[in-house]
Structures are given as structure tokens and as C-alpha cells.
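For reference, the structure is listed below as C-alpha cells.
The values are calculated or read from the model by the stated rules, or taken from the named source; none is laboratory data. Remember, predicted model here, so these are calculated numbers, not experimental data. Virtual Cβ from ideal backbone geometry, glycine too; neighbours counted across all protein chains shown.
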Amino acid sequence: MTWQGGKLRREVRPTSPFARLKPLAEEKDDAETGLKHLAKALSNYRKPAIVQIRLVTGNEGERVEHWEIKAGSKDAKPQRRNSKKGDVVVVMRPQTWNQIALGMLAPYDALFAGKLRVGGDLETAKEITRHLSDPRFPYVSPC
């Protein structure tokens, strides 16, 4: 209450300009299930690309799960593989992946918050993000 008896205004935070992904998982799903849905969504990507996803667990990054998805392939499925030939490399914690897969966190917001790192061909990474974006949100490129 204010001194005049009215209610205090709630502070409204600005919403992110970046689009979230189409939901790829449900809350009960684990990271692997979300990656299977990601592979299915990338099966109709317009050109072949290898996407490596590294899920880091532990306080000091003691354990890393390496996943590889061949985008643009009709039989795309996530495979546990540690190779060095990825077109796009994405590194994050499983919790961050779950938020992105649920459509709760935009990938660019995770990137700018330091929760996600990207390497390799950044133009391909942006194209893949656009391909996976939820059409209910306008796609805004970070640069």
C-alpha cells in the first residue's frame, strides 16, 4: 500500500525480443528424449549439417555427455558420439537444455546469460535456430 492508500504498481520486466523454440519436450522428459525430438525437428532442415551438443554436469564440469545429430537427414537421431567434425557445437548444462526444449528459454537469451556456448559455423547456428523457432514468436536475429 502507498501512503495514499492505493496499491503499489508492480514492476513490469521487459520481455525478451528473441523467439523461443517450438516445444520439443514435456516436463517429465529427460535430456535424451528432448534430443530425440530435436533430431526429428531437424530432419527436414534444408541442408545437411552436423550438430554436436555437449551437456556438462557437475560444479567443475566433471562429466560431459557428447551428442551428435545429423540435421537435414530423414533418419536423424541423436547419437552419443565425441567427434571433432561438427558444423555447430553447442555446450550447456542439462537444466538449460530442458528449459530450451520446454520452450521456456530462448536460445539467444541463454547465450547472452552465459548459460550456453556456441562454436563452429555461427551462420548455420542462426539458421538452425530460426528453423526451430516457435512461429508464435517473431524471430529476431542477435546481429
Exercise for the section: Scan the stretch 73-90 and give yes if some residue there is surrounded by 16 or more Cβ atoms within 10 Å (Cβ to Cβ) and polar (S, T, N, Q), otherwise no. Expected result: yes
Exercise for the section: Just name the residue that is farthest from Lys47 (Cα to Cα) out of those in the stretch 115-143 that are modelled with pLDDT of 90 or more and in a loop (DSSP other than H, G, I, E, B). Expected result: Lys115
Practice task
Out of the residues in the stretch 96-112 that are aliphatic (A, V, I, L, M) and either modelled with pLDDT of 95 or more or surrounded by 15 or more Cβ atoms within 10 Å (Cβ to Cβ) (or both), state the one that is nearest to Leu35 (Cα to Cα).
Solution key: Ala101
Practice task
Scan the stretch 80-94 and report the pairs whose first residue is touching a residue at least 40 places away in the same chain (Cβ under 8 Å) and whose second residue is surrounded by 13 or more Cβ atoms within 10 Å (Cβ to Cβ) and of a type in the set (Gly, Ala, Ser), with Cβ atoms within less than 8 Å and a gap of 6+ or a chain change.
Solution key: Val88/Ala49; Val88/Gly119; Val88/Gly120; Val88/Ala125; Pro94/Ala31
Problem - Matching residues, the stretch 70-114, being assigned to a loop (DSSP other than H, G, I, E, B), touching a helix residue (DSSP H, G or I) at 6+ places or on another chain (Cβ under 6 Å) and over 23 Å from Glu26 (Cα atoms) - result: Asp87
Problem - Residue check for Val118: within 15 Å of the chain's Cα centre (by Cα), within 19 Å of Asp30 (Cβ to Cβ) and in contact (Cβ under 8 Å) with a residue 12 or more places away in the chain - result: no
Practice task
Give the residues of the stretch 95-107 that are touching a residue at least 40 places away in the same chain (Cβ under 8 Å) and either over 18 Å from Pro23 (Cβ atoms) or under 8 Å from the mean Cα position of the chain (by Cα) (or both), sorted by residue number.
Solution key: Trp97, Ile100, Ala101, Leu105, Ala106, Pro107
Fill in the blank from the handout: Taking the stretch 45-72 and keeping residues within 20 Å of Lys126 (Cβ to Cβ) and either hydroxyl-bearing (Ser, Thr, Tyr) or free of Cβ contacts under 8 Å to residues at least 12 places away in the same chain (or both) leaves Tyr45
Exercise for the section: Go through the stretch 20-30 and count every residue that is within 20 Å of Asp109 (Cβ to Cβ) and surrounded by fewer than 20 Cβ atoms within 10 Å (Cβ to Cβ). Expected result: 3
